[in-house]
Amino acid sequence: MFYTVAAILCVAVGLGLWLSAQYLIEESTSSLMGRIAPIHGTAGAILVALLWLSLHRPGPPVGKFGWTAFVVLAATLVGGLTILSFNLRGKPPNRTLVAMHAFVGATGAVMVAAYFSTPGSFSR
């Protein structure tokens, strides 16, 4: 599961960084962003689900750090769904909301990387 989570984390973070940069510098609101955003959102949702599953697998106790990483990424998912709701209503999301989503998502990505780099995590 470790390699799956790592691959999906890289996809979600990479696409998210590109999307937020394009939106925040207002370089483009092209249809390419409209095609990339669902991939980013799907990867993020799958990442949260896989993290949930890895926290419930038998094995060494995960402690509070794994759960904290899950809560941070779940909050990021809620922020992403809020941005999606703006887009579905035809309104541009607030730039502050996009920046907060990117910051919390990056924080969650670092926490997941640290969580899976702890000793014994390769069995998760």
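Which whole-Hz couplings ³J(HN,Hα) result when phi for each residue of the stretch 91-100 is put into the Karplus expression 6.51 cos²θ - 1.76 cosθ + 1.60, θ = phi - 60°, listed in order with x for Gly and Pro?
Values per residue, Gly and Pro as x: 10, x, x, 4, 5, 5, 4, 5, 5, 5 Hz.
For the chain, with only Lys/Arg (+1) and Asp/Glu (-1) charged at the beta-carbon, what is the dipole magnitude about the Cα centre, in debye rounded to 20?
240 debye
How high is the relative contact order of the stretch 2-123, in percent, counting Cα pairs under 8 Å that sit 6 or more residues apart?
Computed value for the stretch 2-123: 33 percent relative contact order.
Suppose R0 equals 25 Å; then what is the FRET efficiency for Arg35 and Leu84 from their Cβ-Cβ distance, rounded to the nearest 0.05?
That pair, Arg35 with Leu84, gives E of 0.95.
Evaluate the stretch 2-123: find the radius of gyration of its Cα atoms, find its Kirkwood radius, and give the ratio Rg to Rh.
Checking Rg against Rh, the ratio lands at 1.01.
Take the chain, connect every pair of alpha-carbon atoms lying under 10 Å apart with a spring to form a Gaussian network, then pick out the residue of Ser85, Ser54, Ser20 with the largest mean-square fluctuation.
Ranking Ser85, Ser54, Ser20 by mean-square fluctuation puts Ser85 first.
Pop the C-beta distance of Tyr3 and Ala75 into the FRET formula with R0 = 22 Å and round what comes out to the nearest 0.05.
Plugging the Cβ-Cβ distance into 1/(1 + (r/R0)^6) gives 0.30.
Of the candidates Val110, Val72, Val13, which one comes out as most mobile in a Gaussian network treatment of the chain with C-alpha springs shorter than 10 Å?
Result: Val110 has the largest fluctuation of those listed.
Every read-out reported here was derived from the displayed coordinates using simple, explicitly stated rules and does not represent laboratory data. What you see is a predicted model, and the numbers here were worked out from it, not measured in a lab. Reconstructed Cβ throughout: ideal geometry from the backbone, glycine too, with neighbour counts over all protein chains shown.
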